[in-house]
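One structure is given here, and the rest of the page talks about it.
The values are calculated or read from the model by the stated rules, or taken from the named source; none is laboratory data. Values in this document were obtained by computation on a predicted structure and should not be read as measured data. Methodologically, a virtual Cβ is constructed for each residue, glycine included, from the backbone with ideal geometry; neighbour enumeration extends over all protein chains shown.
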Amino acid sequence: MNFTDSLDSCIQKNLSTKNPYDPIKLAATTEKIVCKGENRKYFGFWITPQNYKVGVATGYTVGCCLKCVFCWASETRDDIEKSLGFYSPEEVFERLTDFVRQKRRLNRIRISDGEPTIGKQHLIKLIELTERSDITEFILETNGILLGYDSDYVKSLSQFKKLYVRLSLKAGTPEDFTRKTGAIPEAFELQFQALRNLIDYEINFGVAAMSADPRFMSPIERISLIAKLAEIDPALVLKLEEEMAVLFPTTKKRLLASGWNLDGPHLPVLLRKISFLKRFVQFSYEPLRYVGCQKISLRYSVKAIRELFHGI
């Protein structure tokens, strides 16, 4: 069975709202395959320039507890038997620090691609090695499911001073969470509980979401997401890193297999009709960070003055 066939069958099984899965159980099942004691499966090791000025040495893990339709991860997210093999924390650390030694000014390492929090023993040991080294920062990219489920996991991470957690939110409502990930709607709250746990244990973190992209989030869902963040801490709204989806080959295959509509149903009608622009332009919502700026709108200032003159 090739990747497209296995991916199609995986999505048909897991991305159906009629048969949603429990991501906690999926994490446990996945861990049995991708972890052996402190050793863990990896797909590859590279220097990643994207979103980082200097770059970051990145380890790409195998296996995840969510099946997001817009996921950019390699095919090993679904085909967890495929990998470079098992690596000890020491071997992973050596691979990543090799990149650091080779490139001037590179001093951060990152674990990404699959779900790095699957395999607690491996992750804790890897961060411990970082703490004792000259590496300045360890970036943990996660969906937060396990960190929301197990507060003791977060507590064990709080001992590390070089750790930075980047938590990626998937949706603004339980229904949209299930539609995008295939997981049970009850798991929706786990991501937000993870944020609360990170705050409680004073861990340095950032929060991201695919909320700038009209193809994956409606204006109403975006408002719901913002409201959820504001309930936890209003500062999280301005801290939110809003992302646009990058349609990598694996992403396109997942979207096609799931039947996702990429025609931009939340875009203005005129923009939807100018279809040729989609080849060159990505349309985005206005960034939330402008809310925190002392930026004056000339349009609304003139409107307010006009209304004052008319006694409205």
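Residues in region 112-137 that are under 23 Å from MET210 (Cα atoms) and at pLDDT 95 or above: GLU115, PRO116, THR117, ILE118.
Can you confirm whether region 213-227 contains a residue that is in contact with a Leu (Cβ under 6 Å, 6 or more places away or on another chain), aromatic (Phe, Trp, Tyr) and at pLDDT 85 or above?
No, region 213-227 has no match at all.
Applying the criterion of being under 14 Å from GLY206 (Cβ atoms) and surrounded by fewer than 22 Cβ atoms within 10 Å (Cβ to Cβ) to the residues of region 143-166, the residue that is farthest from the chain's Cα centre (by Cα) is LEU163. Restricting attention to region 107-138, the residues that are crowded, with 20+ Cβ neighbours inside 10 Å and over 24 Å from LYS41 (Cβ atoms) total 0. For the list (1) touching a residue at least 12 places away in the same chain (Cβ under 8 Å); (2) in contact with a strand residue (DSSP E or B) (Cβ under 9 Å, 6 or more places away or on another chain); (3) charged (D, E, K, R), I need the number of the one condition that GLU91 fails. That leaves (1) as the condition not met. When we screen VAL69, VAL62 for residues that are surrounded by fewer than 24 Cβ atoms within 10 Å (Cβ to Cβ), under 30 Å from ARG196 (Cα atoms) and under 22 Å from the mean Cα position of the chain (by Cα), the only hit is VAL69.
Here is the figure for region 92-118: residues that are farther than 16 Å from VAL62 by Cβ and in contact with a helix residue (DSSP H, G or I) (Cβ under 7 Å, 6 or more places away or on another chain) total 4.
Which residues, counting only those in region 155-174, are in a helix (DSSP H, G or I) and out of contact with any strand residue (DSSP E or B) (no Cβ under 7 Å at 6 or more places or on another chain)? LYS155, SER156, PRO174 - these are the residues of region 155-174 that are in a helix (DSSP H, G or I) and out of contact with any strand residue (DSSP E or B) (no Cβ under 7 Å at 6 or more places or on another chain). Report whether or not SER168 is touching a residue at least 12 places away in the same chain (Cβ under 8 Å) and more than 18 Å from ASP150 (Cα to Cα). No, not satisfied. Among the conditions (1) modelled with pLDDT under 90; (2) within 20 Å of the chain's Cα centre (by Cα); (3) loosely packed, with under 14 Cβ neighbours inside 10 Å; (4) in a helix (DSSP H, G or I), ALA230 misses just one, which is (1).
Would region 142-149 turn up any residue that is within 30 Å of PHE99 (Cα to Cα) and part of a strand (DSSP E or B)? Looking for residues that are within 30 Å of PHE99 (Cα to Cα) and part of a strand (DSSP E or B), one finds at least one in region 142-149, hence yes.
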